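Engineer: Quick one: structure below, then a few questions.
The values are calculated or read from the model by the stated rules, or taken from the named source; none is laboratory data. Keep in mind that what you see is a predicted model, and the values were worked out from it rather than measured. Neighbour counts run over all protein chains shown; Cβ positions are idealised from the backbone, glycine included.
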Amino acid sequence: MHEPVAVVVLSLALIAVVVLTGLLMSRRRTLARRVGSFICVWSPSKVPAARAPGIAQYATGRLEWWRLVSLSPRPSETWDRDRLELIEWEELDEVDAMGRSLVVTQCRHGEESFALTMSSAAYAGLVSWLESRPRRARAL
């Protein structure tokens, strides 16, 4: 009598794993295909070893960062374009999955300090996006 219950429980667990995996893959694909998005790794300055992969996206007046392994409908981090500063950058001796060189940049947003690691092309895009903000915003 316990065998049918075990089979049902195991089947439900397997279905839950498949559905969860499908949702995670769908979310990642949707975020990565958005215009103005790029893959990057975020790490807080307080704990540099705590690195979290994610996808950043340019939005109106802000940069949003979505954690890669999450089902949250909202970005994990959001930085206002007017307050985001790139302090310094360093090219790493590593390449991403596409063979592009990687860059780590130290950033500041108000009192918050953090690092973003991304491809050199994504870094060039981020610098351009920040430098092209409207003049009145830079004067603040």
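Engineer: Looking at Val7, Val103, can you tell me which residue is modelled with pLDDT of 80 or more, hydrophobic (A, V, I, L, M, F, W, C) and surrounded by fewer than 16 Cβ atoms within 10 Å (Cβ to Cβ)?
Structural biologist: Matching residue, one of Val7, Val103: Val7.
Engineer: Taking into account only those residues within the stretch 32-91 that are among the charged types (D, E, K, R) and touching a Lys or Arg at 6+ places or on another chain (Cβ under 8 Å), which is nearest to Glu112 (Cα to Cα)?
Structural biologist: Glu85
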